[in-house]
Structure formats: structure tokens, C-alpha cells
Amino acid sequence: MPPPVPMTVPTASIVVLISGQGSNMEALVQAARQGRWEQRFGARVVGVVSNRPDAPGLAWARQQGLQAAALDHRHYPTREAFDADLAHTIDAMDPHGQPAWVLLAGFMRILTPGFVQRYEGRMLNIHPSLLPAFPGLHTHRRAIESGCRFAGATVHRVTAELDHGDILEQAVVPVLPGDTPDTLAARVLTQEHVIYPRAVERLLAAAAAVAVAPPQRNV
Ligand code: GAR
């Protein structure tokens with residue numbers, strides 16, 4: 001059993017961004033509970049934001065007692081205006097106005113450079129391919145059409161360049177004869193639910209270890 005986190009460690013809020021089903025978000029919320037992230041790392045999922053008001057994941061988040069907000073991107077004149085409101089909504093979910101982590105979980109929006117810069121280093125994404133192969137959309141169809149024998153998913157830090165940034169975790173699955181984009185997507189998704197929580201937990205553990213490390217003595 002890991003030691004409890006001392007009271008001096010501030011709570012690290014996590015905000016998850018979704019656009020649809022939200023199964024990765026569910027996996028993260030459940031991993032946080034089962035892995036006792038709050039007790040072990042002082043980390044808690046505080047809220048979920050969707051750019052689609054009808055995203056099924058929003059209803060699930062509300063049922064869990066999480067803050068859940070919808071910002072319909074179609075109501076904004078520019079990407080910059082949407083991202084400004086999105087940042088405001090994300091920050092307001094943390095009691096101190098500054099969530100420690102922003103996790104993109106099936107969030108299907110291209111982000112402006114200013115938004116990326118605001119959360120740089122503390123924003124992660126899961127992408128349904130083995131990056132750097134197949135950034136962008138329709139990853140499963142492209143993997144099948146390219147004759148790939150393996151496909152997978154990648155957890156990476158978000159940088160200004162779409163689907164680039166440090167790779168934190170990957171999972172590989174076979175592409176089977178007769179696979180359609182849907183059957184392959186389903187196989188990949190089961191692995192996404194494993195690697196995203198694992199990548200986050202690893203970062204939280206590293207951050208908590210730094211926070212409780214005793215000061216270095218000069219010798
Ligand atoms: C997941 O497969 C995720 O990797 C993908 O959308 C799906 C969302 O599923 N993300 C992207 O394609 C981002 N470019 P979920 O809503 O059930 O988590």
C-alpha cells in the first residue's frame with residue numbers, strides 16, 4: 001500500500017475534454033477511483049467539457065457528480081473565440097482557477113496555438129493510431145487500406161502541431177483479415193482504455209514524488 005500523500009501536496013485537478021461517447025473519459029474517471037489517485041497523488045477529476053451539447057459522455061459525467069459543461073463550437077464566430085471560452089470554462093472548474101492537467105479524450109477540435117500554449121506540458125491526448133503514423137482523421141480506414149498488419153493507439157503530450165508531441169504510451173493490436181474500420185476501432189478502443197489511465201497515473205506519480213521529495217543537501 002503506497003504511503004498517503006502529505007497535506008502539503010496541493011490537489012491537482014484534472015479536466016477532461018470530450019466530443020462524443022466519452023468512453024476514454026469514463027476509463028479515466030474509473031481509474032482515478034480504483035487507483036485512489038486523490039489519496040495517492042492528490043489528483044482528482046473535477047470536470048468534463050464537451051464541444052457537443054448532446055455528447056453522451058456529458059450525461060454520464062453529471063451522473064457521477066462531476067462538473068459537466070457544454071460549449072457548442074458552432075455558436076462562436078472564430079476558433080480563437082471558442083478556445084478563449086473553453087479555457088475560461090476549464091480554468092473555472094478548478095477551485096484555484098488552474099487545473100493541473102487537461103486531458104483530451106476524443107475531443108475532435110483543432111486547437112489554436114494560444115490555447116495549446118496555455119496548457120503546454122500539462123495537456124495530453126489519445127490518438128487512435130501508432131503515431132507518427134496516421135495523424136489526423138480516419139486512422140483505422142487508412143491503416144487497413146495501407147495494408148498494415150498492426151494498428152494501435154498513442155497517448156502523447158499536445159503541442160502546436162496536430163497529433164505530434166512526446167509519446168507517453170502506445171498499445172498495439174493486430175489488423176485481422178476482414179477487419180472493417182469499425183471492428184478495428186473497437187479493438188483499438190479497448191486498449192485506449194488501458195493506456196490512457198496508465199500514462200496519466202505515471203505522470204501523477206512522478207509529479208507527486210517531486211512534490212514530496214526532501215530538499216537536496218549541499219555537500
Ligand atoms: C477514441 O478512439 C479516440 O482515440 C479518438 O476518438 C475516440 C473517442 O472515443 N480520438 C481522436 O480521433 C482524436 N483525434 P470515446 O469518446 O469513446 O473516448
Query raised in the report: Do you know which residues across segment 22-52 are more than 16 Å from ASP94 (Cα to Cα) and away from the ligand (no atom under 16 Å from the Cβ)?
Result: ARG33, GLN34, GLY35, ARG36, TRP37, GLN39, ARG40, PHE41
Report task. Kindly indicate whether VAL155 is under 29 Å from TRP37 (Cβ atoms), surrounded by fewer than 18 Cβ atoms within 10 Å (Cβ to Cβ), aliphatic (A, V, I, L, M) and within 13 Å of the ligand (Cβ to nearest atom). Result -> no
Query - The lone exception for VAL116 - which of (1) in a loop (DSSP other than H, G, I, E, B); (2) among the hydrophobic types (A, V, I, L, M, F, W, C); (3) in contact with a Ser or Thr (Cβ under 7 Å, 6 or more places away or on another chain); (4) surrounded by 14 or more Cβ atoms within 10 Å (Cβ to Cβ) it fails - result: (1)
Query raised in the report: Among the residues of segment 107-114, is any at negative phi and touching a Lys or Arg at 6+ places or on another chain (Cβ under 7 Å)?
Result: yes
Query raised in the report: Looking only at segment 169-182, which residues are within 14 Å of the ligand (Cβ to nearest atom) and either under 21 Å from ARG109 (Cβ atoms) or open to solvent by less than 60 Å² (accessible area, probe 1.4 Å) (or both)?
Result: GLU169, ALA171, VAL173, PRO181
Query raised in the report: What is the residue count in segment 183-196 for residues that are touching a helix residue (DSSP H, G or I) at 6+ places or on another chain (Cβ under 9 Å) and open to solvent by less than 10 Å² (accessible area, probe 1.4 Å)?
Result: 3
Query raised in the report: Restricting the first residue to segment 71-86 and requiring it to be under 13 Å from SER19 (Cβ atoms), which pairs with a second residue that is open to solvent by 60 Å² or more (accessible area, probe 1.4 Å) and basic (Lys, Arg) meet a Cβ separation below 9 Å and a spacing of at least six or different chains?
Result: ASP72/ARG52; HIS73/ARG52; HIS73/ARG79
Query - Residues of segment 64-77 satisfying the condition of being crowded, with 16+ Cβ neighbours inside 10 Å, among the aliphatic types (A, V, I, L, M) and not in a loop (DSSP other than H, G, I, E, B) - result: ALA68, ALA69
Requested in this report: Would you be able to say whether some residue in segment 85-95 is in contact with a helix residue (DSSP H, G or I) (Cβ under 9 Å, 6 or more places away or on another chain) and open to solvent by 70 Å² or more (accessible area, probe 1.4 Å)?
Outcome: no
Query raised in the report: Before we move on, is ASP94 within 16 Å of the ligand (Cβ to nearest atom) and either in a helix (DSSP H, G or I) or of a type in the set (Asp, Glu) (or both)?
Result: no
Query raised in the report: What number of residues within segment 27-44 are part of a helix (DSSP H, G or I) and more than 17 Å from GLY57 (Cα to Cα)?
Result: 7
Report task. Among the residues of segment 42-63, write down those that are over 26 Å from ALA206 (Cα atoms) and either in contact with a Pro (Cβ under 6 Å, 6 or more places away or on another chain) or open to solvent by 60 Å² or more (accessible area, probe 1.4 Å) (or both). Result -> ARG52, PRO53, ASP54, PRO56, ARG62, GLN63
Query - So VAL200, is it open to solvent by 60 Å² or more (accessible area, probe 1.4 Å) and farther than 19 Å from GLY136 by Cα - result: no
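The values are calculated or read from the model by the stated rules, or taken from the named source; none is laboratory data. Please read these numbers as outputs of a predicted model, since none were measured by experiment. Cβ coordinates were reconstructed from backbone atoms using ideal geometry, including for glycine residues, and neighbour counts include every protein chain displayed. In case anyone asks, the SASA skips ligands and DNA or RNA and just uses the protein heavy atoms, side chains included. Shrake-Rupley method; radii C 1.70, N 1.55, O 1.52, S 1.80 Å.
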